[in-house]
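Peer 1: Can you keep this structure in mind? I'll have questions shortly.
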Amino acid sequence: MFIHGYNTTPSEALHRFAQVSHDLQISIPKLLFAWPSAGIATGYVYDRDSVLFSRDALADLLTALSRETNKEVRLIAHSMGAHLTMEVLRQLAISGRRDVLNKISSLALLAPDSDPDIFRAQAQATMPLPDPFVIMTTQNDRALNASAFINIGRQKVGDLSRAEDIEAFDITIFDFTALADGSNRDHLVPFTSPAAISVLRNLVQSGERGRPDLSQFTLGVDGIFRAKPSGARG
């Protein structure tokens with residue numbers, strides 16, 4: 001299931017999901033959860049309210065899937081859709097729907113537009129978290145920088161530079177800053193980088209603890225896997 005991000009119309013979300021499905025070679029049933037974004041750059045506050053409005057609908061969809069099928073669910077959420085996803089996981093946890101949460105076999109948050117303190121509270125309430133759980137970041141993500149500016153300069157989870165910010169949780173962070181080229185405000189690098197696509201493909205195609213090809217990354221002393229610049233060798 002794909003949950004789109006800020007400033008994305010339903011048709012744009014469908015197009016992006018189709019491209020993601022192709023790149024990840026997804027052959028299993030696919031779902032797009034399209035929440036009502038304003039679809040304009042100036043609609044940030046509207047979109048934040050739409051995320052809150054959409055929580056029950058996404059929770060109901062996940063609940064219906066757990067009740068009516070025996071399928072595991074693998075979630076990929078981008079930008080503000082990551083905040084929506086974490087809100088819903090928290091909501092399911094505090095309402096005692098661990099049966100629904102147990103059906104979520106993996107979770108990938110791409111450039112998540114989430115306040116770190118709120119994210120930690122959401123994650124703590126949801127424990128145990130889906131496993132594997134990965135976050136893909138780009139430190140020069142200008143869309144998240146603009147979001148942080150609106151939010152009085154608060155850093156976003158999608159712009160994390162320190163693993164200790166979420167060290168209490170079993171989450172793997174991938175930093176794709178070295179592969180950013182300035183296009184799309186560097187907010188779509190997890191969709192366009194072959195290294196990111198490789199990680200996501202592994203999560204989607206395997207229900208086991210992810211073992212992506214890490215030859216394209218270096219592991220920092222801070223615990224973050226950083227993509228090597230294009231052309232760099234192992």
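The values are calculated or read from the model by the stated rules, or taken from the named source; none is laboratory data. The structure presented is a predicted model; accordingly, all values stated were derived computationally and were not measured. With ideal geometry, Cβ positions are generated from the backbone for all residues, glycine too; neighbour counts draw on all protein chains shown. Just the protein is used for accessible areas: all its heavy atoms, side chains included, with ligands, DNA and RNA removed. Shrake-Rupley method; radii C 1.70, N 1.55, O 1.52, S 1.80 Å.
Peer 1: Kindly check whether there is at least one residue in the stretch 56-69 that is modelled with pLDDT under 95 and crowded, with 17+ Cβ neighbours inside 10 Å.
Peer 2: So far as the stretch 56-69 goes, yes, one or more of its residues are modelled with pLDDT under 95 and crowded, with 17+ Cβ neighbours inside 10 Å.
Peer 1: Take the conditions under 16 Å from the mean Cα position of the chain (by Cα), in a strand (DSSP E or B), closer than 19 Å to M136 by Cα and of a type outside the set (F, W, Y) and apply them to A108. Does it pass?
Peer 2: Considered against the rule, which asks whether it is under 16 Å from the mean Cα position of the chain (by Cα), in a strand (DSSP E or B), closer than 19 Å to M136 by Cα and of a type outside the set (F, W, Y), A108 comes out as yes.
Peer 1: Starting from residues that are modelled with pLDDT of 70 or more and assigned to a loop (DSSP other than H, G, I, E, B), keep the ones in the stretch 168-217 and report whichever is surrounded by the most Cβ atoms within 10 Å (Cβ to Cβ).
Peer 2: Filtering first and then ranking leaves F176.
Peer 1: Next question, about the same structure. Of everything in the stretch 4-20, what is surrounded by fewer than 16 Cβ atoms within 10 Å (Cβ to Cβ) and either in contact with a helix residue (DSSP H, G or I) (Cβ under 6 Å, 6 or more places away or on another chain) or among the aliphatic types (A, V, I, L, M) (or both)? Give them in sequence order.
Peer 2: Across the stretch 4-20, the qualifying residues are L14, A18.
Peer 1: Tell me which of these N140 doesn't satisfy, since it passes every other one: (1) open to solvent by 40 Å² or more (accessible area, probe 1.4 Å); (2) modelled with pLDDT of 75 or more; (3) touching a Ser or Thr at 6+ places or on another chain (Cβ under 9 Å).
Peer 2: Going through the list (1) open to solvent by 40 Å² or more (accessible area, probe 1.4 Å); (2) modelled with pLDDT of 75 or more; (3) touching a Ser or Thr at 6+ places or on another chain (Cβ under 9 Å), N140 breaks only (2).
Peer 1: Of everything in the stretch 93-127, what is open to solvent by 60 Å² or more (accessible area, probe 1.4 Å) and either touching a residue at least 40 places away in the same chain (Cβ under 8 Å) or aromatic (F, W, Y) (or both)? Give them in sequence order.
Peer 2: Those that are open to solvent by 60 Å² or more (accessible area, probe 1.4 Å) and either touching a residue at least 40 places away in the same chain (Cβ under 8 Å) or aromatic (F, W, Y) (or both): R120, Q124, M127.
Peer 1: Tell me the residue from D23, D47 that is of a type in the set (D, E, K, R), modelled with pLDDT under 90 and open to solvent by less than 70 Å² (accessible area, probe 1.4 Å), please.
Peer 2: Answer to the selection: D23.
Peer 1: Do the conditions hold for S66, that is, is it assigned to a loop (DSSP other than H, G, I, E, B), of a type outside the set (V, I, T), touching an Asp or Glu at 6+ places or on another chain (Cβ under 7 Å) and in contact (Cβ under 8 Å) with a residue 12 or more places away in the chain?
Peer 2: Taking the combined requirement at face value, the residue does not satisfy it.
Peer 1: Applying the selection to the stretch 23-36, what residues are over 17 Å from L107 (Cβ atoms) and more than 17 Å from the chain's Cα centre (by Cα)?
Peer 2: If the condition is that a residue be over 17 Å from L107 (Cβ atoms) and more than 17 Å from the chain's Cα centre (by Cα), then Q25, S27, P29, P36 are the ones that fit.
Peer 1: Then there's this: Note down all Cβ pairs under 7 Å where the first residue falls in the stretch 29-40 and is surrounded by fewer than 15 Cβ atoms within 10 Å (Cβ to Cβ), the second is polar (S, T, N, Q) and in a loop (DSSP other than H, G, I, E, B), and they're at least six residues apart or on different chains.
Peer 2: Sorted first by the residue in the stretch 29-40, then by its partner, the pairs are I40/N7.
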